[in-house]
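Asks: There's a structure below that I have some questions on.
The values are calculated or read from the model by the stated rules, or taken from the named source; none is laboratory data. What you see is a predicted model, and the numbers here were worked out from it, not measured in a lab. We place every Cβ from the backbone using ideal geometry, glycine too, and count neighbours over all the protein chains shown.
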Amino acid sequence: MIKILVLEDDENIRIGLCHILKTNGYEPVPAECIAAAREKAGGCSLYLLDVMLPDGSGVDLCREIRQTADVPVIFLTCVDDNSRIAAALEIGGDDYVVKPFDSGVLLARIKAALRRSGAFNDETEKLELTSIERELIGYFRMNKNRILTRDQILSRLWDSRGEFVNDNTLSVRINRLRAKLEKAQGCGRIVTVKGVGYKWED
C-alpha cells in the first residue's frame, strides 16, 4: 500500500484527509507539526504539506526534503496567493491544492504526482504483491536509474516498517519480486549492479 505523509496542524482537516486517503486505498501517515513529520517521513511515497505550521513552514521542510529525495510534494494552502505558491513550486514542490479542496481533485493530483514519480503504475497495481514488495518497488521507482546499495535498501525497509529485514531475506524478496515483474508487461525491471547493489529501469 502506498504511504502518504499528511502534515496538517488542524486536527479536523488532518482526520478528514486521512479518511479520504484510507478509503481510496492509500496508507495515511498523519503529522501535526514539522518535528513529527521528520520522524514519520521514512517510507512515504508522497508528502501532503500544509504551508503554515506551528513550528515552521512546509515550504522549508520541502527544501530539506529536496536535498536528499525526489518524493512528490503537494502543498495544502488556505491562501490563493500566487507569489507564495510560485515560491513553493520553485523550491521543489510538485503541485498545490487550495483549501477548502474538492476530494476528487485532490485524489486526481495525488495519483498524477505518483504516476510521474513512478511510485504508481496501473500495471504494477494489478500484480499480487506483498506489503514489503510494494515498499521495494516504490523505493526503486522513486530512484529509477540510480544505483541503490543493499545497505540503503535495508535501511529504507527498516525505517519504513520497523521490522528487521536481513541481507539474505532481502535477496530472497528481490528475487521473488523480479519473478512477478517478469510475468507482467510494462512494469519495469530490477537490474543487479555487480558488487554495488541494484537499480530500477522502466
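Asks: Give the residue that is farthest from Glu64 (Cα to Cα), with candidates limited to residues of region 89-135 that are part of a loop (DSSP other than H, G, I, E, B) and either in contact with an Asp or Glu (Cβ under 8 Å, 6 or more places away or on another chain) or at pLDDT below 75 (or both).
Replies: The residue in question is Leu127.
Asks: Counting only residues that are at pLDDT 90 or above and farther than 16 Å from Pro54 by Cα, how many does region 25-38 have?
Replies: 2
Asks: When you check Ala69 against the structure, is it surrounded by fewer than 17 Cβ atoms within 10 Å (Cβ to Cβ) and touching a residue at least 24 places away in the same chain (Cβ under 8 Å), yes or no?
Replies: Yes; evaluated as a whole, the condition is true for this residue.
Asks: Would you pick out the residues in region 41-60 that are at pLDDT 90 or above and closer than 25 Å to Ile137 by Cα?
Replies: Of everything in region 41-60, those that are at pLDDT 90 or above and closer than 25 Å to Ile137 by Cα turn out to be Leu46, Tyr47, Leu48, Leu49.
Asks: With respect to Asp102, determine if the residue is among the acidic types (Asp, Glu), in contact with a Pro (Cβ under 9 Å, 6 or more places away or on another chain) and more than 23 Å from Asn145 (Cα to Cα).
Replies: The answer is no for Asp102.
Asks: In region 13-35, how many residues are free of Cβ contacts under 8 Å to residues at least 24 places away in the same chain and more than 16 Å from the chain's Cα centre (by Cα)?
Replies: Number satisfying all stated conditions: 6.
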